[in-house]
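Here the structure is laid out as structure tokens; the discussion comes afterwards.
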Amino acid sequence: MSGTAISLCGVGKSYGEVIAVDDVSLEIPRGQVVCLLGPNGAGKTTLIDIVLGLTPPDTGSVELLGFSPASAVQVGAIGAMLQATSLLDDATVGELIAMVSRLHKHPLGVSRTLQNAGIADLARRRSTKLSGGQRRRVTYALAIAGNPDILVLDEPTAAMDVASRHAFWASIRDITSVGKTVLFATHHLAEAEKFADRVIFIQDGRIIADGTVTEVQELAAGREISATIPTGDHEQIATLPGVIEASWRHNRVTLLSARSDDTLRALVQRVPSAESIEVAGLSLERAFLTLTAQQRKVS
């Protein structure tokens, strides 16, 4: 299915003197899985709230499948899983899904929703008896119950154990295989690296990188340099040009560098005793650290 699922143009939002979202423009095609990444306070949750119509932007416009956020919600085109959620205390999981399903014209159905969310075994359990991870999985089930075209998920795997996270992402793969669009925010960079078609880095309310995982890694223009260093030379390492971060394990140092050529040259010149030097490309986590550090220097 072609076309644009989510479109933001010049979106801005401030709270007093604090700019939460700063002139954000982006388009997300249908069927794409997009991850929002950024440090705490970067503006991810505010941006998600704007997409969902929960928070009106001060400037700019938002469209979901050509609708305003309010209209998209009204026609059941969007499902959401937010960080802060509550469930009716006196209802079973199956009853909750049935109630939500009745609000939509073309729901998945209770059985299919339970199955897709991997919680068929919880159908008769009351919400007050659910663990934190189980509550997140039920919240996800409620998000997909209406069979929406767009899913917006804020920290979806928070409180889930490893097995639950695995089941959750298996369900997401099934959903996207039929052309659904997913926008999610997470602190688990490994999840972004493994499951996202596209990664958007946000800092101080602005997009600082946008592309595939490989494209973002290349945009960071950074490398990891590791070397074995005699104890007496430790103090010089953190001051080498281009070094963003230095971490030690015994006499082995790993440097995160935004200018690996300059760092490597200075390392060889200033610390001639360095040995077993290795240079590697950045993981997504390292790319994230590099880009945010670069943005702080610009700001």
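The values are calculated or read from the model by the stated rules, or taken from the named source; none is laboratory data. As the structure is a computational prediction, the values presented were derived from the model and not from experiment. Cβ placement follows ideal geometry from the backbone for every residue including glycine, while neighbour counts extend to all protein chains displayed.
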**Message:** Please count how many residues of the stretch 1-11 are in a strand (DSSP E or B) and either in contact with a helix residue (DSSP H, G or I) (Cβ under 8 Å, 6 or more places away or on another chain) or of a type in the set (S, T, N, Q) (or both).
**Reply:** 5
**Fill in**
Within the stretch 14-44, the residues that are over 12 Å from the mean Cα position of the chain (by Cα), among the charged types (D, E, K, R) and within 24 Å of Thr4 (Cβ to Cβ) are Asp22, Asp23, Glu27, Arg30
**Asked** What are the residue pairs meeting all of these: first residue in the stretch 4-19, first residue more than 30 Å from Gly31 (Cα to Cα) and free of Cβ contacts under 8 Å to residues at least 60 places away in the same chain, second residue assigned to a strand (DSSP E or B) and among the aliphatic types (A, V, I, L, M), Cβ atoms under 8 Å, and 6 or more apart or on different chains?
**Response** Ser14/Ala20
**Message:** Filter the stretch 35-57 down to the residues that are of a type in the set (A, V, I, L, M, F, W, C) and closer than 20 Å to Ser68 by Cα and list them by number.
**Reply:** Leu47, Ile48, Ile50, Val51, Leu52, Leu54
**Message:** When you scan the stretch 113-128, do you find a residue that is touching an Asp or Glu at 6+ places or on another chain (Cβ under 6 Å), touching a residue at least 60 places away in the same chain (Cβ under 8 Å) and not aliphatic (A, V, I, L, M), even just one?
**Reply:** no
**Asked** If you take just the strands (runs of 3 or more DSSP E) that sit entirely in the stretch 227-299, which of them hold at least 2 residues that are among the charged types (D, E, K, R) and either out of contact with any Phe, Trp or Tyr (no Cβ under 7 Å at 6 or more places or on another chain) or at pLDDT below 75 (or both)?
**Response** 243-249, 275-281
**Selection within the stretch 126-145 - polar (S, T, N, Q) and closer than 23 Å to Leu108 by Cα** = Ser127, Gln134, Thr139
**Message:** For a quick check of your reading of the model, give me the residue pairs whose first member lies in the stretch 258-269 and is closer than 10 Å to Leu240 by Cβ, whose second is polar (S, T, N, Q), with beta-carbon atoms closer than 6 Å and at least 6 apart or on different chains.
**Reply:** Thr263/Ser257
